[in-house]
Amino acid sequence: MSNFFSKYRHLSDPPVEGVPFKLNLDEDKCIGCGLCVKQCPTQTIKLVERAYSANQVPACQHSCSAGVDVRKYMDLLTSGGSFEEAWKIITEANPMPSVTGRVCPHDCEAGCNRSAVDSAVNINGIERFIGDYALENKLAFDKPKTSQPEDIAVIGSGPSG
């Protein structure tokens with residue numbers, strides 16, 4: 001009698017050809033955090049490096065009231081980019097990172113996917129550091145190519161103004 005027809009056949013795994021399961025990944029929703037790799041009970045999946053989709057907005061950026069592209073400047077800093085380049089990325093959405101780094105409620109950290117692994121990235125502190133670096137090194141915005149004939153008044157104090 002063949003072992004295949006044994007009454008205990010359910011106790012042994014069938015021969016596996018290829019991958020034990022197929023993972024359907026919606027690349028427009030994957031933010032590349034790697035959490036699925038850490039939580040996979042069989043440890044059979046790995047993170048594949050790829051370009052981000054234009055449709056993806058990471059949770060930190062989605063939670064940020066200014067809409068700062070946190071992933072972009074963090075990628076830049078971790079790959080050896082300069083603080084000046086990071087400042088330019090931050091100031092595309094937030095012209096006062098030194099100020100907001102001190103008074104912002106930093107909802108971006110509450111939305112940080114890293115908190116599911118250990119703890120959220122200190123985005124607020126990094127933004128404040130980059131803002132202070134810009135002030136100390138007298139980094140300046142590029143002069144606009146056109147100017148407006150109207151005078152502009154700022155009403156209010158701090159970031160609310």
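Looking at this structure, is GLU109 in contact (Cβ under 8 Å) with a residue 24 or more places away in the chain, open to solvent by 20 Å² or more (accessible area, probe 1.4 Å), among the charged types (D, E, K, R) and part of a helix (DSSP H, G or I)? Yes: the conditions hold for GLU109. Restricting the range 112-161 to residues that are closer than 30 Å to LEU35 by Cβ and of a type in the set (S, T, N, Q) leaves a set whose member that is most open to solvent (accessible area, probe 1.4 Å) is ASN122. The set of residues in the range 132-151 being on the phi < 0 side of the Ramachandran plot, more than 26 Å from the chain's Cα centre (by Cα) and charged (D, E, K, R) consists of GLU136, ASP142, LYS143, LYS145, GLU150, ASP151. For the range 42-101, enumerate the residues that are among the hydroxyl-bearing types (Ser, Thr, Tyr) and either assigned to a loop (DSSP other than H, G, I, E, B) or touching a Cys at 6+ places or on another chain (Cβ under 8 Å) (or both). Within the range 42-101, THR42, THR44, TYR52, SER53, SER63, SER65, SER79, SER82 qualify.
Scanning the range 102-111 for residues that are out of contact with any Ser or Thr (no Cβ under 7 Å at 6 or more places or on another chain) and under 16 Å from CYS33 (Cα atoms) yields one hit, GLU109. Does GLU85 meet the test of being out of contact with any Ser or Thr (no Cβ under 8 Å at 6 or more places or on another chain), acidic (Asp, Glu), open to solvent by 100 Å² or more (accessible area, probe 1.4 Å) and at pLDDT 90 or above? So GLU85 does not fit the description; no. Just give me the residues in the range 112-161 being part of a helix (DSSP H, G or I) and charged (D, E, K, R), in sequence order. The answer is ARG114, GLU127, ARG128, ASP132, GLU136. Count of the range 88-104 residues, restricted to those that are touching a residue at least 12 places away in the same chain (Cβ under 8 Å) and open to solvent by 50 Å² or more (accessible area, probe 1.4 Å), is 6.
The values are calculated or read from the model by the stated rules, or taken from the named source; none is laboratory data. All figures in this text were calculated on a predicted structure; none of them were measured in a lab. Backbone-built Cβ (ideal geometry, glycine too); neighbour counts: all protein chains shown. The area values use the complete protein model at the heavy-atom level, side chains included, leaving out ligands, DNA and RNA. Shrake-Rupley method; radii C 1.70, N 1.55, O 1.52, S 1.80 Å.
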